[in-house]
Amino acid sequence: MIQESSNKELLLWLLRLRQRFCVTGFSMFPLLKPGEEILVDTRAYRHFLPEIGDLVVAEHPYRQDLKIIKWVAFVDEKGDCFLMGENKEESNDSRSFGCVSWQQIIGRVTSKFPVIINN
């Protein structure tokens, strides 16, 4: 489960130490729904490789314009990562495109951006 952004995470976003992304598909449903927003630590993997169980945003290996949100399911010794979605019905993950290199990973998801409701 992803926690809603704490005051610390929101401050890091304001200081441009977190990047905000909007979920557009169903590959991480029910964990993340289309329209929800997340905060990502883009510095998370500067000195360390991703770990199994990390939720990450990565560049799609075949579509430069597309970013994907996936779980890290496996990391080999070279840093290639096998990424899996939450929704097994959606196959837009490593089962369809193979491993991605750690350089294609933009960052680690830290939290959901809070929903602001206007009355």
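Tell me, which strands (runs of 3 or more DSSP E) wholly within the range 66-119 include 2 or more residues that are touching a residue at least 40 places away in the same chain (Cβ under 8 Å), touching a Leu at 6+ places or on another chain (Cβ under 9 Å) and not aromatic (Phe, Trp, Tyr)? By residue number, 67-75, 105-112. Yes or no: the range 1-21 includes at least one residue that is touching a Ser or Thr at 6+ places or on another chain (Cβ under 9 Å), among the β-branched types (Val, Ile, Thr) and in a loop (DSSP other than H, G, I, E, B). Yes: one or more hits. Scan the range 68-119 for residues that are basic (Lys, Arg) and crowded, with 17+ Cβ neighbours inside 10 Å and jot them down. Scanning the range 68-119 gives Lys70, Arg108, Lys112. When residues in the range 6-52 are screened for being free of Cβ contacts under 8 Å to residues at least 40 places away in the same chain and charged (D, E, K, R), 5 of them pass.
No lab work stands behind these numbers, since they all come straight from the coordinates. All figures in this text were calculated on a predicted structure; none of them were measured in a lab. Cβ: placed from backbone, ideal geometry, glycine included. Neighbour counts: every protein chain shown.
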